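The values are calculated or read from the model by the stated rules, or taken from the named source; none is laboratory data. As the structure is a prediction and not an experimental result, all values here were calculated from the model. Neighbour counts run over all protein chains shown; Cβ positions are idealised from the backbone, glycine included.
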C-alpha cells in the first residue's frame, strides 16, 4: 500500500494542510460573522444583537474547527487535485461548497435560512463555504512552496503541524460525520 517514503510525504502534506487551516479558518470565522451582521442589517427584526462570546465561538467553531476538518479531507484528496494554483483553488472551492455547504444549506438546522432572509442568507453562506475551500487550498499551496524552498529545516514545521493539529482535526471530523448521520441527513429528509 504505502511505502515508507510515501508515508513521509503524506504526513508532510497533511501538516502543511493543517497549518494552512489556521489562517483560512480564522478568516472563514470572520466571514461567517460578517454574513450574520449583513443579514441582521437587512432584517433587523430577526437580529439578536452582537455578542463577543458568540463571535469568538463562531470564529473558533464553525470557522477554525470546520476548516481543520476540511484540511484532513484536502490532505486525502490532494494527489487528485490540479497542480496549478488557480485551478486548485477553484476546484477545491467548488468541492467545499458542495461537500459542506450543500448538506448544511439543505438541512438548515433550526430553519433560520428558510424565512424571509433566505434570499440573502443562502448566497452569503454559500459564498463563505466556497471561500473557505479556496483559502485553504491557496494557503496550503503557498506553504508547500515555502517548505520546499528549504526542506531541511521547514519540513520540521510540517511534521509539528501534523502532530499538533491532527488530533483536534480528526476529533472534529468524527463529530461532523456523527452529526451528519444523526441530525443533518434526517433534517434534509424532513425539509425536502
(message) Residue under question is residue 138, and the condition is that it be farther than 18 Å from residue 26 by Cα, at pLDDT 85 or above and assigned to a helix (DSSP H, G or I); does it hold?
(response) no
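Condition (residue is loosely packed, with under 14 Cβ neighbours inside 10 Å, touching a residue at least 60 places away in the same chain (Cβ under 8 Å) and part of a helix (DSSP H, G or I)) applied to region 154-162: is it met by at least one residue? Break it down into steps so the answer makes sense when it comes.
Looking only at region 154-162, we keep the residues that are loosely packed, with under 14 Cβ neighbours inside 10 Å, and these are 156, 160.
Of the ones still in play, those that are also touching a residue at least 60 places away in the same chain (Cβ under 8 Å) are 160.
This time we only want the ones that are part of a helix (DSSP H, G or I), so: 160.
Looking for residues that are loosely packed, with under 14 Cβ neighbours inside 10 Å, touching a residue at least 60 places away in the same chain (Cβ under 8 Å) and part of a helix (DSSP H, G or I), one finds at least one in region 154-162, hence yes.
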(request) May I ask you to say which residue of 87, 75 is within 30 Å of residue 11 (Cβ to Cβ) and exposed (fewer than 13 other Cβ atoms within 10 Å of the Cβ)? (result) 87
(request) Determine which member of the set 133, 121 is surrounded by 21 or more Cβ atoms within 10 Å (Cβ to Cβ) and at pLDDT 90 or above. (result) 133
(request) Take region 48-72 and flag every residue that is without any contact (Cβ under 8 Å) to a residue 40 or more places away in the chain and part of a helix (DSSP H, G or I). (result) 52, 53, 54, 55, 56, 57, 58, 59, 60, 61, 62, 63
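Residues are listed down the side, and each one gets a yes or a no for (1) out of contact with any helix residue (DSSP H, G or I) (no Cβ under 8 Å at 6 or more places or on another chain); (2) under 14 Å from residue 20 (Cβ atoms):
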residue: 73; (1), (2): no, yes
residue: 78; (1), (2): no, yes
residue: 84; (1), (2): yes, no
residue: 136; (1), (2): no, yes
residue: 139; (1), (2): no, yes
residue: 146; (1), (2): no, yes
residue: 159; (1), (2): no, no
residue: 170; (1), (2): no, no
(message) Just to be sure I understand, how many residues within region 21-46 are without any contact (Cβ under 8 Å) to a residue 12 or more places away in the chain and surrounded by 14 or more Cβ atoms within 10 Å (Cβ to Cβ)?
(response) 1
(request) Select from region 176-187 the residues that are under 21 Å from the mean Cα position of the chain (by Cα) and closer than 10 Å to residue 103 by Cα and write down the one among them that is surrounded by the most Cβ atoms within 10 Å (Cβ to Cβ). (result) 184
